[in-house]
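Peer 1: One structure, as structure tokens, below. Some questions next.
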């Protein structure tokens, strides 16, 4: 199953008329807050430490968001074989060709 959370997040950001950078920043902030919240629930971090950490890395999250918006899709990658396969299937569907033929075309 492909996790569509990021896609839905982007669609909601677009519907709310947020800029791409603000949408990516909100996603990163939400993800980071979730990780810090897990650390708090596990007793690894105190509430104040979690909040201070989030405030301290906010400028870095902003930089990452700005860089992500400027990057092209080839620059944004991770080890996600399911998404890679899905990407190739979409290429086949959009180009109405066989997988091997689509992969061989420039």
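The values are calculated or read from the model by the stated rules, or taken from the named source; none is laboratory data. Note that the structure is predicted; figures quoted are calculated from it, not measured. Here Cβ is always computed from backbone atoms with ideal geometry, including for glycine, and neighbour counts include all displayed protein chains.
Peer 1: Give the stretch 31-51 a look and list any residue that's outside any helix (DSSP H, G or I) and either out of contact with any helix residue (DSSP H, G or I) (no Cβ under 8 Å at 6 or more places or on another chain) or under 21 Å from residue 87 (Cβ atoms) (or both), or say none.
Peer 2: Residues of the stretch 31-51 that are outside any helix (DSSP H, G or I), as a first pass: 42-46.
Passing the criteria: 42, 43, 44.
Peer 1: If you don't mind, another one. Can you tell me which residue among 28, 54 is farther than 20 Å from residue 5 by Cα, assigned by TED's automatic domain parsing to the domain that holds residue 6 and either modelled with pLDDT of 95 or more or part of a helix (DSSP H, G or I) (or both)?
Peer 2: 54
Peer 1: Are there any pairs with C-beta distances below 9 angstrom linking a residue in the stretch 1-17 that is in the same structural domain as residue 82 (by TED's automatic domain parsing) and at pLDDT below 85 to a residue that is exposed (fewer than 10 other Cβ atoms within 10 Å of the Cβ) and part of a helix (DSSP H, G or I), with the two at least 6 apart or on different chains, and if so which?
Peer 2: Short answer, once both residue conditions are applied: none.
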